[in-house]
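The structure under discussion appears below in the form of structure tokens.
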Amino acid sequence: MITNLPFAALFIGLSMCSGAKIFAQVSRVRSPVAEPYPYISTGSFSSEPVAQSPDPLVSYRWPKPKANNGLEIYSLKPVRVVTDAPPSFHHLATLTGNSPRVTVKGVGSIELDFGQENAAWLEFDSPDLSGKVEMSISEYNKPARASIVPGHLTKTLIPKKYGHTYRLELNTSLYEGVRFGWIHVRSFSKTWHITGIRLMCQIKPTNYNGRFSCSDTMLTRIWYTGAYTVKLNLLKDYFGSILMYRGDRFSWTGDAHPAQAAAMVAFGNYDFVKKNIDFTSGESNGIRSYALYWVLSLIDYYNYSGDTSTLTSLMENACGKLDDAYKEYGTDPNLEYYGWDERLGAGFEHPNIAEPQKAYRMLSIRAWKLFADAMGKYGRPDLQKKYNGYADEKFNTLNQDTGWYRSLGVHSGADAVNTGLLNNEEKKVIYENSFNDRTNNISYSPFNQYFIIQAFALMNKYDDALTSIRDLWGGQIKYGGTTFFEDYRPSWNAVLGINDPVPNNQCGFTSLCHPWGAGVTKWLSEEVLGIKPTTPGFTTYDILPHLGRTITRVSGTTPTPRGDIAASFNVLTGTCSAFSPSGTVGRIGIPKVEKEITGITINGAVLWDGGPHRVAGIGGVTQDSQFFYLNDVQPGTYSMKVIYAGATPAYSEPAQRYPARYMGIDTITGGDWGGMYGKDGYVLCNYNGHGKDKQSLPSYVASINYYKIKGNGKPLDTVWESNTGNRRALAPDPVNSVPRTAAGLFAKDEDQVAYTFTFTANIKGMHEYRISLYFLDWDHKGRKMAVEMFDANTLNLIAPVELVKNCTGGAYLTYTYNKSAKFRINIIRGDNPVLSGIFFDQ
């Protein structure tokens, strides 16, 4: 057992998507520089390692960590080191060992992979450095340019020197989201040496008191990855909401809802969850839904902790938020934001379109119902009646239109299902309209997907929920992620390499460590493992594992104020168990998984052999189509043997389908579009001067509309060069004349990188057409872009994300569709996204 981290090294295997192993290396080496926090030293590696966890400290346990504990630090060694200039760096492999000694003999860069995302800063030692050196960090395998704050645009700087140590300092808090680091030797005058390299990582003392494991190892990895994402963002006094510094790194109230939910099942750090609920009680970030998510967090906390004093102290605050939602209900108030998904208005771009307004109304009803239920448990029947009254009044008004629910999209439909008020027919219609499309039942953000998988569970569509979890959260892990992202599309994986830079978009720079994506950890504990409180503080509880047709084994632990509740179910062997602490009474559902249960023994005694028998600690038995229930289960340990007959039917995942068709990319034609493109019509963006397109639209196109984000009064267009003979520039006509104008839509502000813009091709009715987009990196900025295509009316994604990797010579992306389409152009690398032309053909 390792008892003192700074003086020992730990090597933990982390299985990557390729099947290979890398190792997170906790180093015994201390920094010679005075660090802002003490080294971890009071705990020990006293619990079992978890191969599916990316956390290098998953098995480290602090003695009784508390909410008022400060941050601590530990150091990591890189797990992989490469260079773009091998002759310049001798003995590079020593950087992964205990005695680094690299001889620098020229210019070039060293890339360091630390194996997983960390909250950290990068340092190296050299007794004789000469020449110019810069350092970089990133969450992916290229140096990041991440910030939206003037003066902090880059993640590459000259390090600060402290004796023989060189530290990259990018902000006053030091830490960033770091998976990769670089040392860039920009100039060389004489041989020098690197004698130390380390990533200094900060952490809030937090133990894994919860556990989860199942037969699908990807789901196990998802549970631990969600937990690690939250843990990395725990700060001294509150839950952080983003790891990478970009100017918005503070506690966002709504973001905290799924993060706190995950923390309770993974860590059981109820005191810190309480502290954060207090911390965020007076701030909703100007976002209406975030006020209601705060109320849901308070209810979650009360149900898990049983803490009536905190509920009492915050009751007036909660009632104020709920009453405000009642006052604004149906008025289509300014929501400010509901989610990054295009269907939710793309964040702050169009937050008040119909879908988020419907979703907000459903969220209001849900919050009133859940708060009313909490008030019934708390002993305030007056408030229970009041908020049930709010919900019933609005729901009854909705039901005056018998088909009101038919127009709901996947987000508003999820919020409607989550009210708990819909009947089976209403849920069936919502499912068939919005939830059975594998491509579009996934939100752009894991934050919003949390509420969608909650709705899947309430519709008893667990296999569909698990498919969406594997696609969205599992896809991030397959990409190479070790924490969960701000937003993500599964189709990224088809066009990006492992740990490649990802598309940036309406959220700005895309964060790859965003704890709002961790709600899936709580969902897996509550729905797959099945442990939930049924009265506050787990005085009574349920264990109802929903394994669907794809999971054969699940086990885990949920920490509660009364002690751990643990369960294990194996429907192949029939070996099951459960444990509950003193002061609890439970209901345990043995899953039938569409088979017949013919016999059950508990602790060696027969409970069921076609009829019931009395067993100590079990109050009675009942059953339905899904479970064999053990009722009024008293505290204790129960070892069960279940005899199954029959077989669980196989489950086939639905295919991912896209209504539009991507035809391919052309990097040969350049600006000579005549004869190849635009036989029906064309738009040459900004060709006639700022804001003036040259266009000839076909009869089936009503208009082209741009959404232009302006900064400092500068429009999203530019003319690079007029009267040019360069054939990369688009010709002015179908006969490919010269001279030409190099122009386009061009997203850039004076003080910040611009990340995205959109345009819509408005088609008259339905008409089969081919549309080609011309991209040109005229000024050689190294632009790499991602293109998204949506139906302009439903805003559903209708084609997989495609990349424009190099368009210095010009590149056409071509699609076919039959209705109006909206395109979003997102930057990946380079200064900004650009678009020079749009062409229509049959």
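The values are calculated or read from the model by the stated rules, or taken from the named source; none is laboratory data. Quick caveat, the model's predicted, so the values are computed rather than measured. Note that each Cβ is placed from the backbone with ideal geometry, even for glycine, and that neighbours are counted across all protein chains shown. Quick note on the areas: whole protein, heavy atoms, side chains included, nothing else; ligands and nucleic acids left out. Shrake-Rupley method; radii C 1.70, N 1.55, O 1.52, S 1.80 Å.
Observations, loosely collected:
- In sequence order, calculated HN-Hα J values of region 228-234 (Karplus, 6.51, -1.76, 1.60; Hz; x Gly/Pro): 5, 4, 5, 4, 4, 9, 6
- For region 187-233, the fraction of C-alpha pairs more than 15 angstrom apart is 65%.
- Centre separation in Å (Cα based) which lies between region 309-323 and region 738-813: 48
- Centroid-to-centroid separation of region 333-377 and region 544-581 [C-alpha atoms, Å]: 34
- Isotropic mean projected area of the C-alpha convex hull, region 203-260 (nm²): 4.7
- Over every Cα atom in the chain, the radius of gyration and the widest Cα-Cα span, Dmax, amount to 28.5, 93 Å.
- With a simple spin-label model that places each label point 7 Å from the Cα along the Cα-to-Cβ direction, the separation between S309 and F579 comes to 3.0 nm.
- The alpha-carbon positions of region 170-322 define a convex hull whose volume is 166 Å³ per residue.
- Taking every Cα-Cα distance in region 446-509 and sorting them into 5 Å bins from zero, the calculated P(r) comes out as 4, 17, 25, 23, 16, 9, 5, 1 percent.
- Note, ³J(HN,Hα) from phi for region 99-107, Karplus 6.51, -1.76, 1.60, rounded to Hz, x at Gly and Pro: 9, x, 7, 9, 9, 9, 10, x, 7
- The convex hull built on the alpha-carbon positions of region 763-802 has an orientation-averaged projected area of 4.0 nm².
- Semi-axes of the equivalent ellipsoid for region 563-677, computed as √(5λ) from the eigenvalues of its C-alpha gyration tensor and ordered from largest down, come to 55, 18, 11 Å.
- Pairs of Cα atoms nearer than 8 Å and 6+ residues apart set the relative contact order; for region 628-743 it is 23 percent.
- P(r) tail for region 315-442: Cα pairs beyond 27 Å make up 21% of the total.
- Computed label-point distance, nm, for sites D401 and S625 using a 7 Å Cα→Cβ extension: 3.2
- Region 377-422: radius of gyration over Cα atoms, expressed as a fraction of 2.2 N^0.38 Å: 1.37
- Extents of region 58-149, taken as max minus min of Cα coordinates on every principal axis and listed largest first, are 51, 38, 23 Å.
- Restriction of the trypsin sites (Lys or Arg not before Pro) in region 733-812 to DSSP coil positions whose beta-carbon has at most 15 other beta-carbons within 10 angstrom yields K764, K781, K805.
- Value of relative contact order over the chain, rounded to a whole percent, pairs C-alpha under 8 Å and six or more apart: 9
- Once the gyration tensor of the Cα atoms in region 488-602 is diagonalised, the equivalent ellipsoid follows with semi-axes of 36, 20, 10 Å, ordered largest first.
- When region 507-555 is reduced to its Cα atoms, the Kirkwood hydrodynamic radius in Å: 12.9
- The fraction of accessible area contributed by carbon and sulfur in the chain is 50 percent, rounded to a whole number (1.4 Å probe; ligands and nucleic acids excluded).
- For q = 0.15 Å⁻¹, Debye-computed log10 I/I(0) when each Cα of region 476-543 counts as one equal scatterer: -0.62
- Filter on K369/K532; K428/K819; K385/K522; K231/K369; K142/K190 - keep pairs with C-alpha separation over 20 Å: K428/K819; K385/K522; K231/K369; K142/K190
- Shown for region 420-565 is the translational diffusion coefficient from the Stokes-Einstein equation, using the Kirkwood radius over Cα pairs, a temperature of 25 °C and a viscosity of 0.890 mPa s: 147 µm²/s.
- Remark: relative contact order (region 190-292) = 26 percent; criterion is Cα-Cα distance under 8 angstrom and separation of 6 or more residues.
- The Rg/Rh ratio for region 615-683, using Cα coordinates for both the radius of gyration and the Kirkwood hydrodynamic radius, is 1.57.
- Ranked by how many other beta carbons lie within 10 Å on average, peptides 52-59, 813-820 from highest: 52-59, 813-820
- Region 75-234: C-alpha gyration tensor shape, a/c 1.5 cut-off, then a/b vs b/c: prolate
- Using a probe of 1.4 angstrom and keeping all protein chains present, the accessible surface of the chain works out to 35 square angstrom per residue.
- Candidate aspartates and glutamates for bridging to K694, where Cα separation is under 14 Å - those fewer than 8 sequence places away on the same chain excluded: D717, D733
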